[in-house]
Amino acid sequence: MTQLPDDEITTGLESLPGWERSGDEIAKEYRLDNFRDSVAFVVRLSYEAEAANHHPDLDIRWNRVLVRLSTHSEGGITAKDLDLAAVIEGLSAGR
């Protein structure tokens, strides 16, 4: 898996509402109703991430979860990051 060129990252983010590029990663903050819902979202996310063998950086606050994706072994953003972001979007829609 290789890093994506800037134009492919930009195009990929167009179909991922709220996701933004921040240097060598993509990120989105999810707002939930309370801490319990935040942790439950992270648990669901963790199963998908583990199945994809791709592990996001997560910051859990009371009603917010910040998700950051980067393929560290490649030193930047790859298709693996955009794919997992799309899966996470699906999880958030089903909250």
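The values are calculated or read from the model by the stated rules, or taken from the named source; none is laboratory data. Only a predicted model underlies this, so the values are computations on that prediction, with no experimental measurement involved. Neighbour counts are summed over all protein chains in view; Cβ atoms, including those assigned to glycine, are modelled from backbone coordinates with ideal geometry.
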Residues that are charged (D, E, K, R) and farther than 12 Å from L69 by Cβ, drawn from the range 1-47: D6, D7, E8, E14, E29, R31, D33, R36, D37, R44
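Being within 13 Å of A27 (Cβ to Cβ) and either touching a helix residue (DSSP H, G or I) at 6+ places or on another chain (Cβ under 9 Å) or in contact (Cβ under 8 Å) with a residue 12 or more places away in the chain (or both) is the requirement here; does L84 meet it?
Yes: the conditions hold for L84.
Yes/no matrix, rows are residues, columns are (1) surrounded by 10 or more Cβ atoms within 10 Å (Cβ to Cβ); (2) touching a Gly at 6+ places or on another chain (Cβ under 7 Å); (3) under 19 Å from A93 (Cα atoms); (4) modelled with pLDDT under 95:
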residue: D6; (1), (2), (3), (4): yes, no, no, no
residue: E14; (1), (2), (3), (4): no, no, yes, no
residue: D24; (1), (2), (3), (4): yes, yes, no, no
residue: L32; (1), (2), (3), (4): yes, no, yes, no
residue: F35; (1), (2), (3), (4): yes, no, yes, no
residue: S38; (1), (2), (3), (4): yes, no, yes, no
residue: E50; (1), (2), (3), (4): yes, no, no, no
Could you say which residue among E74, E29, E8 is out of contact with any helix residue (DSSP H, G or I) (no Cβ under 9 Å at 6 or more places or on another chain) and either among the acidic types (D, E) or touching a residue at least 60 places away in the same chain (Cβ under 8 Å) (or both)? E29
How many residues of the range 52-83 are modelled with pLDDT of 95 or more and of a type in the set (S, T, N, Q)? The answer is 4
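Consider D57 carefully, then state whether it is in contact (Cβ under 8 Å) with a residue 40 or more places away in the chain and among the acidic types (D, E).
So D57 fails the test.
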